[in-house]
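Notes follow once the structure below has been shown.
The values are calculated or read from the model by the stated rules, or taken from the named source; none is laboratory data. The shown structure was predicted, so the numbers you read here are calculated from the model rather than taken from an experiment. Using ideal geometry, Cβ is built from the backbone for each residue, glycine included, and neighbour counts are taken over all protein chains shown. For the accessible areas, the whole protein counts, side chains as well, though only heavy atoms, and no ligand, DNA or RNA atoms are used. Shrake-Rupley method; radii C 1.70, N 1.55, O 1.52, S 1.80 Å.
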Amino acid sequence: MFDPKYAQLIFSCLMALFMSCIMSLVITLYNVGFVEGIVMVWLKAWLFAFAVALPVINLVSPIVRRLVKLLIKQPH
């Protein structure tokens with residue numbers, strides 16, 4: 001188990017991992033379909049997508065948190 005101080009980092013890594021996996025699979029299948037060697041094509045796309053997603057999530061998540069805070073009604 002990890003120390004709670006690493007919660008944001010772990011969240012970012014897992015979010016980047018799952019989102020890049022799903023999105024790269026969907027986009028790969030959309031662009032090339034079920035062709036021979038699709039797994040290798042997808043894994044290559046996933047590696048690239050993860051490399052982009054991880055820093056983007058780390059940069060964007062504080063902004064998104066602030067936006068959500070503005071959009072959510074605060075209890076009185």
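In table form, for the structure just shown:
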read-out	value
Gain in span if fully extended, LEU29 to LEU71, counting 0.36 nm per residue against the direct Cα distance	11.6 nm
Between 0 and 90°, nearest 10: helix 7-32 axis offset from the chain longest Cα axis	30 degrees
Sites matching chymotrypsin sites (Phe, Trp or Tyr not before Pro) across the chain that sit in DSSP coil, with at most 10 neighbouring C-beta atoms within 10 Å	PHE2, PHE34
Label assignment, Kirkwood radius over Cα pairs in Å derived from the structure, set (1) 14.4; (2) 12.6; (3) 15.0	(1)
Over the chain, relative contact order from alpha-carbon pairs under 8 Å, at least 6 apart, %	39 percent
Heavy-atom accessible area per residue - the chain, 1.4 Å, Å²	86 Å²
